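The values are calculated or read from the model by the stated rules, or taken from the named source; none is laboratory data. Keep in mind that this is a model prediction, so the values were computed, not measured. Reconstructed Cβ throughout: ideal geometry from the backbone, glycine too, with neighbour counts over all protein chains shown.
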Amino acid sequence: MTNRDATPRPIALVTGASSGIGEAFAHLLAQEGHRLVLVAHKSVDLDRVAAKIAAEHKIQPHTFGMDLSKPGAVKHLLDDLHKQGLRPDLLVNNAGFGLLGKAVELNADEQINMINLNVAALTELAICCGKAMVRQGRGGIINISSVAGALPGPNMAVYYATKAYILSFSEALAAELKHSGVQVTAVAPGVTRTAFHQRAGMERSRLLKWSAPMEPETVARLGYQGFCRGRSVVVTGGFNKLSMACARLIPNAILNPVISRLHKLVPSKEQFTQSSPVREKSDQ
């Protein structure tokens, strides 16, 4: 029996695990020897991911299909984990969604739900799991932010603001837990090839037209490598690092019209006219 067989495998809790970056993290952590607890809103897609992981990595993930933006959802999840004896050693806070359009023209309730998921649920999970990790003297938290967190976001105002919160919260939490044995890392990808953009028809946005999207597997790999090296912020890719550095130097008055233009849709060959705000919602 090897040491790996004799030692209980660490448990990784991954939210937004049914697609994109969350799914990529789930596969990567399975390869790294973690037991998995996967959470996502869409149970059908989550079951597909779990079945694929079971076939490829010979482990059976625990799955929880739930909407973490709902009141009490995080507490319900943590209670279920406690009852099943599942104590996360690593938390990957990935669940989130965005809305494309002017804030005053988008549905207010949908924007509040975005804050509930992107900010409130992430914070509650980080605090509750972090407390348990501090007590055991080890653990890790990976929060998925974005390069958007360093920028203003006209036409995606609330989404960009949630990502700025995640960056700030993660860096502060990392400083607070520096000597606790708990590593906290914010991963800040740029444009990534996931359903996050595709489901909104954002292939026609100037942002995607002028960008080279990174694969979610690359984001997960670079993010996890940075986490293992003890970094509090990991910006994935050279272009994204340059973009984030420039964003910190260029006045917002200059950035605002540029970003607003990037979020406009390019008319299709059929001269499609966008008559209402595009809603973009998915696990990242």
| query | Which condition does residue 60 not pass, out of (1) surrounded by fewer than 19 Cβ atoms within 10 Å (Cβ to Cβ); (2) in a helix (DSSP H, G or I), if it passes all the others? | reply | (2)
| Does any residue in the stretch 32-59 that is polar (S, T, N, Q) come within less than 8 Å, Cβ to Cβ, of a residue that is part of a helix (DSSP H, G or I) six or more places away or on a different chain, and which pairs are these? | none
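Table: residues versus (1) within 17 Å of residue 15 (Cβ to Cβ); (2) part of a loop (DSSP other than H, G, I, E, B).
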| position | (1), (2) |
| --- | --- |
| 55 | no, no |
| 68 | yes, yes |
| 77 | yes, no |
| 86 | yes, yes |
| request: Kindly indicate whether residue 29 is free of Cβ contacts under 8 Å to residues at least 40 places away in the same chain and buried (at least 19 other Cβ atoms within 10 Å of the Cβ). | output: no
| note | Of (1) closer than 20 Å to residue 88 by Cβ; (2) modelled with pLDDT under 95, residue 183 satisfies every one except (2)
| field | Where residue 111 falls short, out of the listed (1) of a type outside the set (Val, Ile, Thr); (2) over 20 Å from residue 21 (Cβ atoms); (3) modelled with pLDDT under 95; (4) surrounded by 16 or more Cβ atoms within 10 Å (Cβ to Cβ) | value | (3)
| query | Among the listed residues 9, 4, 48, which satisfies the condition of being modelled with pLDDT of 95 or more and among the basic types (Lys, Arg)? | reply | 48
